[in-house]
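The values are calculated or read from the model by the stated rules, or taken from the named source; none is laboratory data. From a predicted model like this one, the values you see are computed outputs, not experimental measurements. Cβ: placed from backbone, ideal geometry, glycine included. Neighbour counts: every protein chain shown.
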């Protein structure tokens with residue numbers, strides 16, 4: 001849809017483009033931000049020197065936002081475009097391809113921050129110790145297959161990767177679920193290290209695949225001795241290693257597709273990387289620095305103004321971080337029970353908290369399985385929690401269901417993605433995070 005719109009609007013956009021020069025001392029920078037945290041950071045840093053707008057309409061979810069032709073026209077008249085990165089706004093790259101304003105500075109505010117996948121920050125979906133990111137079940141004939149891993153953007157998604165291949169009876173999602181516990185044990189135990197070109201066979205254990213970084217593609221042979229159903233658990237999404245070719249092929253070079261997978265490919269918009277960096281108050285300071293630097297680059301006359309504002313705002317972020325650390329260190333309950341698509345992974349790691357969610361991955365359009373909901377119910381009972389948190393922007397139906405089963409009360413833990421139109425002026429990122437602190441202090445029984 002977007003590509004067709006870009007094609008149709010090409011001539012119109014060219015006619016409307018105004019390449020804005022560097023702002024003078026009395027001219028405001030025209031800035032667009034995608035999501036509310038970036039908008040608020042830019043508002044604090046830019047003050048009255050910027051003409052600031054949000055690209056997303058108030059209340060709209062960022063991952064599934066569909067830009068309109070007029071959004072491209074608006075960006076063609078802008079000085080600075082702030083976005084979180086490819087894993088939060090997957091549509092941003094295509095939008096920027098349609099922008100012909102060569103004076104526009106597009107700023108990826110995740111620059112300088114190492115994004116984590118769900119295994120790295122302990123996102124367990126209600127399963128203690130889950131360390132794999134993807135699972136797929138296949139019906140395979142006897143023979144040899146090729147599983148390949150390609151460099152994307154000049155490098156592999158990771159230096160190496162663990163993989164488990166086991167035989168199953170059920171070539172459906174149930175075959176995956178029935179073997180998750182065993183696979184978790186294999187991942188956590190001793191692994192068999194193999195180099196590029198090695199042959200893999202189903203076994204009760206995990207492989208550590210070493211990629212050949214001198215090659216654009218590292219391939220491994222998969223030997224299947226008997227026709228049947230097999231489930232594969234991997235440390236990363238296989239699609240993170242795809243560069244134009246499907247990751248699994250048979251001896252004829254034909255693509256081999258999974259019969260079922262978790263998470264489903266069409267629901268995994270983040271590619272396994274968590275983009276919710278702004279909820280870590282330390283990482284938020286890095287984002288503020290990045291924004292200030294971009295403003296100074298475009299408007300060097302006022303660079304000292306932007307830097308002073310950034311330092312003042314970061315001091316407030318540091319103060320709130322210190323209050324969070326002091327308060328959350330005293331909590332009797334160390335697990336956040338969250339009945340939404342969990343955005344607080346970096347946050348939980350910062351303050352040494354555990355967290356569980358019935359949703360798999362970070363995508364907002366996935367739905368939790370009944371088994372995952374039951375695990376959350378059991379978790380509430382085991383940790384002695386009387387609070388279940390839910391997210392903004394969506395109907396908390398899952399939270400209400402769990403609350404009905406456990407008697408727990410519902411509390412909003414706001415991820416600050418976006419706010420309603422009537423909140424744009426009076427609500428701020430700091431106010432949201434201060435409210436979250438009070439709710440966590442109460443729900444986790446902190447002193």
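Pairs are defined by a Cβ separation below 6 Å, a sequence spacing of at least 6 or placement on different chains, a first member in the range 313-325 that is at negative phi and assigned by TED's automatic domain parsing to the domain that holds residue 292, and a second member that is surrounded by fewer than 19 Cβ atoms within 10 Å (Cβ to Cβ) and modelled with pLDDT under 95; no pair meets this definition.
Residue 273 meets each of the listed conditions (1) surrounded by fewer than 24 Cβ atoms within 10 Å (Cβ to Cβ); (2) modelled with pLDDT of 95 or more apart from (2). Kindly establish whether residue 332 is under 29 Å from residue 27 (Cβ atoms) and over 20 Å from the mean Cα position of the chain (by Cα). Against the criterion (under 29 Å from residue 27 (Cβ atoms) and over 20 Å from the mean Cα position of the chain (by Cα)), residue 332 does not qualify.
Confirm whether residue 232 is assigned by TED's automatic domain parsing to the domain that holds residue 262, at pLDDT 95 or above and within 30 Å of residue 373 (Cα to Cα). Yes. Residues in the range 305-323 that are in contact with a helix residue (DSSP H, G or I) (Cβ under 6 Å, 6 or more places away or on another chain) and either over 22 Å from residue 291 (Cβ atoms) or not in a helix (DSSP H, G or I) (or both): there are none. When you check residue 187 against the structure, is it at pLDDT 85 or above and more than 30 Å from residue 337 (Cα to Cα), yes or no? Against the criterion (at pLDDT 85 or above and more than 30 Å from residue 337 (Cα to Cα)), residue 187 does not qualify.
Please tell me if residue 157 is touching a helix residue (DSSP H, G or I) at 6+ places or on another chain (Cβ under 6 Å) and either more than 22 Å from residue 237 (Cβ to Cβ) or in a loop (DSSP other than H, G, I, E, B) (or both). Answer is yes for this residue.
The single condition from (1) in contact with a strand residue (DSSP E or B) (Cβ under 9 Å, 6 or more places away or on another chain); (2) within 30 Å of residue 43 (Cα to Cα) that residue 385 fails is (2).
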